[in-house]
């Protein structure tokens, strides 16, 4: 996953904890993520989930933090599980979240699951901009630029179809990608190759 995507997701997570004034444990987990102590972050977020006094906001953010930590640890089989649980617990659906789920599925060789995640993420914002509550417990709307994440998901759809040997769908995904990013020579060459398959 691109650096931009991870930074955006981490920035959202960190801002959420600062804005809601969540427990010290949640803030501690965010700090450990920032310091790249992913094992420590997992331990702290698990403590938040096992604490009966944790609020639903804290639980959703701890689940999201676990998904991010497991991604960084290369434990891709756990990423989707925890990020999907975060959404079920009331966490916000964002293109970044679904891109992280999709990339994790790709790293496990599950291209069908990856495509489903990318489609879900692309369904949230097709032009890259998304108006949303700053976080799920706030009413104030903000506009977030997910254009780089959207571009990455569109590209990853091409890769998934190619990995599944579905050349027709890969070609269609490449031509759709080029409608949005016509100057990408790498994908233009790939589309020309796919057209001959």
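The values are calculated or read from the model by the stated rules, or taken from the named source; none is laboratory data. What you see is a predicted model; the values in this text were computed from it and never measured. In this analysis, Cβ positions are derived from the backbone assuming ideal geometry, glycine residues included, and neighbour counts consider all displayed protein chains.
Out of the residues in region 136-178 that are at pLDDT 95 or above and in a loop (DSSP other than H, G, I, E, B), which is farthest from residue 124 (Cα to Cα)?
165
Considering only residues that are in a loop (DSSP other than H, G, I, E, B), at pLDDT 95 or above and either buried (at least 19 other Cβ atoms within 10 Å of the Cβ) or on the phi < 0 side of the Ramachandran plot (or both), which ones fall in region 92-114?
Residues of region 92-114 that are in a loop (DSSP other than H, G, I, E, B), as a first pass: 92-94, 108-110.
Checking which are at pLDDT 95 or above leaves us with 108-110.
Result: 108, 110.
Conditions (1) touching a helix residue (DSSP H, G or I) at 6+ places or on another chain (Cβ under 8 Å); (2) farther than 17 Å from residue 86 by Cβ, marked per residue:
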| position | (1), (2) |
| --- | --- |
| 25 | yes, no |
| 31 | no, yes |
| 41 | yes, no |
| 45 | yes, no |
| 56 | no, no |
| 61 | yes, no |
| 65 | yes, no |
| 68 | yes, no |
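Determine which single condition residue 117 fails, assuming it passes every other condition in (1) over 15 Å from residue 81 (Cα atoms); (2) surrounded by 13 or more Cβ atoms within 10 Å (Cβ to Cβ); (3) at pLDDT 95 or above.
(1)
Please specify each residue of region 179-192 satisfying the condition of being in a helix (DSSP H, G or I) and surrounded by 14 or more Cβ atoms within 10 Å (Cβ to Cβ).
180, 187, 188, 190, 191 - these are the residues of region 179-192 that are in a helix (DSSP H, G or I) and surrounded by 14 or more Cβ atoms within 10 Å (Cβ to Cβ).
Filter region 13-41 down to the residues that are closer than 23 Å to residue 93 by Cβ and at pLDDT 50 or above and list them by number.
Those that are closer than 23 Å to residue 93 by Cβ and at pLDDT 50 or above: 13, 26, 29, 30, 33, 41.
Examine region 52-73 for a residue that is within 30 Å of residue 155 (Cβ to Cβ) and assigned to a loop (DSSP other than H, G, I, E, B), and state whether such a residue exists.
yes
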